[in-house]
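The values are calculated or read from the model by the stated rules, or taken from the named source; none is laboratory data. No experiment lies behind these values; they were computed from the predicted model shown. All Cβ positions, even for glycine, are placed from backbone atoms using ideal geometry, and neighbour counts span all protein chains on display. Heads up: the accessible areas ignore ligands, DNA and RNA and are worked out on the full protein's heavy atoms, side chains in. Shrake-Rupley method; radii C 1.70, N 1.55, O 1.52, S 1.80 Å.
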Amino acid sequence: MSASPQPYLSSNPHLVQLLADHILASPQQRITFADYMDWVLYHPQHGYYSRYAEKIGAQGDFVTSPHMGRDFGELLAVQVVQLWHHLDRPQPFHLVEMGAGQGLLAHDVLRYLADHHPDCFQVLEYGIVEKSPALIAEQRQRLGAIASSGTVRWYTWDEIPPQSLVGCCLSNELVDAFPVHLVETQQQQLREVYVALGSSTDDLPQFVEQLGDLSSDRLRTYFETLGIDITHPPYPDGYRTEVNLAAQDWLHTVAQRLQRGYLLTIDYGYTAQRYYAPTRSGGTLQCYYHHAHHSDPYRYIGQQDLTAHVNFTDLERHGATVGLETLGFTQQGLLLMALGLGDRLALLSNPATVPDVQTLFQRRESLHALMNPMGLGNFGVLIQSKGLTDVERQKPLQGLHHPPL
């Protein structure tokens, strides 16, 4: 049994009690960490994303690329228009954003297309797949008149018929928030981390971790497919890491709904060899609360974000098993430079294009943040496709054509 977590600080007592009841009703009175993470993030009434739309952004717990200004969405829209042309300008053209947050990216993409590519905008059906009622409400408010015109639709995966989408599915910082299984090695055996009940503290149940047998054979197969054995040297005993089976399920769902087109995934993560390096013995799980990060998922329950890095190698390999072909993998900074970020920086050198000095510095700072190799610029960008003809498959993608540095 692992060491007990620290006592709660400002946890949601309703969620804590609901979790305790759920654990008591579960077999062996314990749940997988993936189940725990799903509850604390996505519980319909008390989960982090269900209640705290305002906790995203400069005044919240974390910021995303769309918070840096309109440039991120506008540059992605440049790539979207090219994808539309590559598909021979289908009508309608489906652009499905999965996990749209506060609707900032959708707003910037739609506004740019309406202003600069009205032909594409007129045939566009912008779909949003979002679990959080609070975020859906904010998205509807932000998108306003565009949404009321019928250009934007909200739906669940179950409401999208199989093989019905022709266009592009995209996500920005979605996969990192999927619930992950925690595994740990013990005497050269692969074990899973479970969450059980401990003693009560201040009338609130407390959770402890237990090691047990794997809840699914998919966890073992996951590492076998990658050709990685974390149970033997050079991996140390007690090596702990994450497995994102939900990402595989998500790829399967997207591939089922996509008849022809592209999947664009932007997130922070590594290749499998870097992700499961022997020196990364504590995994990548991080908790975010008021722009500070720590590694204790049992604090601020329901009031902090939990994330784990993305294994892009698994997205590529599992994607291939469900019919998704990898077209390219790059970093966000390089993608945005290829789509015109450098040109936007150059325009800022002309005072006539910027109304005041403060705006100049803000724009310049935002653009540099988007390509910062120590931050957002180092995010991975994976582009996959399905159902393309040989001719369409050979067409170059602007975002993968890196300009000379």
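Observations on the model:
- Test: residue in the range 345-352 that is in a loop (DSSP other than H, G, I, E, B) and closer than 30 Å to PRO162 by Cα: no
- Strands (runs of 3 or more DSSP E) lying entirely in the range 147-256 (those with 3 or more residues that are open to solvent by less than 10 Å² (accessible area, probe 1.4 Å) and in contact with a Leu (Cβ under 7 Å, 6 or more places away or on another chain)): 165-172
- Checked against the criterion of being basic (Lys, Arg), in a helix (DSSP H, G or I) and over 18 Å from TRP84 (Cβ atoms), the range 117-132 has no qualifying residue.
- Of all residues in the range 260-276 being assigned to a loop (DSSP other than H, G, I, E, B) and over 17 Å from LEU182 (Cβ atoms), the one that is least open to solvent (accessible area, probe 1.4 Å): TYR268
- When TYR300 is tested against (1) closer than 30 Å to GLN206 by Cβ; (2) open to solvent by 40 Å² or more (accessible area, probe 1.4 Å); (3) hydroxyl-bearing (Ser, Thr, Tyr), only condition (2) is not met.
To keep it simple, each residue is scored yes or no on (1) at pLDDT below 95; (2) assigned to a helix (DSSP H, G or I); (3) of a type in the set (D, E, K, R).
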| site | (1), (2), (3) |
| --- | --- |
| PRO355 | yes, no, no |
| LEU360 | yes, yes, no |
| HIS368 | yes, yes, no |
| GLN384 | no, no, no |
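- Scanning the range 111-137 for residues that are more than 20 Å from PRO161 (Cβ to Cβ), surrounded by 19 or more Cβ atoms within 10 Å (Cβ to Cβ) and over 17 Å from the mean Cα position of the chain (by Cα) turns up TYR112, LEU113, CYS120, PHE121.
- Looking at THR279, THR307, just one residue is crowded, with 19+ Cβ neighbours inside 10 Å and not small (Gly, Ala, Ser), and that residue is THR307.
- Considering residues of the range 55-93 that are outside any helix (DSSP H, G or I) and either in contact with a Pro (Cβ under 9 Å, 6 or more places away or on another chain) or on the phi > 0 side of the Ramachandran plot (or both) only, the residue modelled with the lowest pLDDT: GLY57
- Checking each residue in the range 277-309 for being polar (S, T, N, Q) and in a loop (DSSP other than H, G, I, E, B) picks out THR279, SER281, THR284, SER295, GLN303, GLN304.
- Meets criteria (closer than 30 Å to SER215 by Cβ, at pLDDT below 95 and touching a strand residue (DSSP E or B) at 6+ places or on another chain (Cβ under 7 Å)) for TYR52: no
- Of the listed requirements (1) in a helix (DSSP H, G or I); (2) under 22 Å from SER295 (Cα atoms); (3) modelled with pLDDT under 95, HIS46 misses just one: (1).
- Just so you know, in the range 355-386 the residues that are within 21 Å of the chain's Cα centre (by Cα), of a type in the set (S, T, N, Q) and open to solvent by 50 Å² or more (accessible area, probe 1.4 Å) include one that is nearest to VAL310 (Cα to Cα), and it is ASN378.
- Of all residues assigned to the range 387-405, at least one qualifies as being surrounded by fewer than 15 Cβ atoms within 10 Å (Cβ to Cβ), of a type outside the set (A, V, I, L, M), at pLDDT below 90 and in contact with a strand residue (DSSP E or B) (Cβ under 9 Å, 6 or more places away or on another chain).
- Hits in the range 197-247 (condition: out of contact with any Lys or Arg (no Cβ under 7 Å at 6 or more places or on another chain) and among the small types (Gly, Ala, Ser)): GLY198, SER199, SER200, SER215, SER216, GLY227, GLY238, ALA246, ALA247
- Answer residue from the range 64-80, given it is open to solvent by 10 Å² or more (accessible area, probe 1.4 Å) and free of Cβ contacts under 8 Å to residues at least 60 places away in the same chain and is farthest from ARG344 (Cα to Cα) among those: HIS67
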